[in-house]
Every structure is written in structure tokens, then in C-alpha cells.
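Here is the structure we will look at.
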Amino acid sequence: MINQKIILASQSPRRKQLLEWAEISYEVVVPSTDEYFPPGYSPEEAAIFIARNKALNVKERLTESPVILAADTMVVLDDHIIGKPVHREDAVSMLLALSGAVHKVITGVVLLQGEKELAFSDTTIVEFYPLSVEQIEYYIEKYRPYDKAGAYAIQEWIGVIGIKRIDGDFYNVMGLPVSKVIHALERFIPSYTP
């Protein structure tokens, strides 16, 4: 097991769950940052930029120098980044756009300790079956996906009934490419053993 404390710079319950499933011990420090990124960035660059800001924000608030893990997940449809819905109509619009279409889910990950950094991104291709308005409205009413990029979570009802195909890491769509994170930790912390 890991012999250094890992700080998860995230309030995402899904990222916490994934680290628990991977049996990685961690503590949560919630970053206070926005999701701004400079214009002209690719989705991969933008996701890493936002993740890095989360990690740096948490680093500034700590007196010690643990390993900080930060991530940001984006949904990209036709080269357009789809953020988190701000209200019900926004969520309906997002899911109607994803219905019957292929999109990318990109997670940027940053490991930070002192001045040392390791950053990478992972991409998963997701295709939805066509979704009816009734299905979309039911999902939004019951699951209220307002904290989720693209207005959906793959592990919830809409993913179970609506996803036709994925190409890549399922857990990346949940918010963290856990196996890549473990391999990155092995490189980042020489004494790490999963």
C-alpha cells in the first residue's frame, strides 16, 4: 500500500468512490477555483489546466507537502466543450444534443508534490442510443445531474439504458481514469506499491 498521504483535490463523490474501489488511501481538500481556461486551448489542455489550478489552490493551503491528486472531466461534442448544466432546460438541451451521437469524455489529471508535477489526460469515446424527451425528462427529474459535465453520469439510469458503446476507460467517464492514475503514482512516487 501507499506509504504517503494523498490529498484528493475534489469534492466529487464519484472520484472518492473510485479511489476507495482502488484501495488508495486519501484525504479530501476541496479546492476553491473556477473552471476558467484560456481561449484557444484544446479540450485536453483545458482539462489539465483546470486540474492544475485545483492542485495549486490546495497546495497553497497546506503546510506540509503531500502528493496532491486533482482532475477535471469534460464532455466534448463536435469539438465543443459541454459544461455542467445551470438549470433544467440546459440539462434537457445537453442530453438532446448527445442523443444518438458520439462524443468524447476527456479527463485531465495532475499529480503535484512540491515543485514536482505529472500531468496527463485520458479520452473515452461514448455513443448514446437515441433518447426520447420522456427519458431525458425522467432522468433529469429523478437524478438531478446538475453537477455533471454533459448532464449525465454513465453509472446512473441514463447510462444503463442509453449508452450504445464506449471505447476507452469506463471509469474515465465517471471522472477518473483510475488505472492510469495508479500507473502514474508508481512513476511519481518511487516507493509506491498498489
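Here, each number is a calculation from the coordinates, and none is a lab measurement. Since we're looking at a predicted model, the values are computed, not measured. FYI the Cβ positions are ideal-geometry reconstructions off the backbone, even for glycines, and counts take in every protein chain you see.
Only one residue of Val160, Val29, Ala47 has its Cα farthest out toward the positive end of the dipole of the chain, where Lys and Arg carry +1 and Asp and Glu -1 on Cβ, and that residue is Val29. Between Lys148, Lys116, Lys54, the GNM of the chain built on Cα springs shorter than 10 angstrom shows Lys116 fluctuating the most.
The string of couplings for region 173-188 from the Karplus curve (6.51, -1.76, 1.60, θ = phi - 60°) is 5, 6, x, 7, x, 4, 5, 5, 5, 4, 4, 5, 4, 4, 7, 6 Hz, one whole number per residue in order, with x for Gly and Pro. Taking the centroid of alpha carbons for each part, region 139-191 and region 3-55 are 13 Å apart. Derived scalar couplings between HN and Hα for region 127-141 equal 10, 8, 5, x, 10, 7, 4, 5, 4, 4, 5, 4, 4, 5, 5 Hz in order, rounded to whole Hz, by the Karplus curve 6.51 cos²θ - 1.76 cosθ + 1.60 (θ = phi - 60°), x for Gly and Pro. In degrees, nearest 10, range 0 to 90: what is the angle between the Cα axis of helix 88-98 and the longest Cα principal axis of the chain? Helix 88-98 sits at roughly 90 degrees to that axis. Please go through region 140-194 and write out the GluC sites (Glu not before Pro) that DSSP classes as loop and that have at most 16 other C-beta atoms within 10 Å. Passing both the DSSP loop test and the Cβ count: Glu156.
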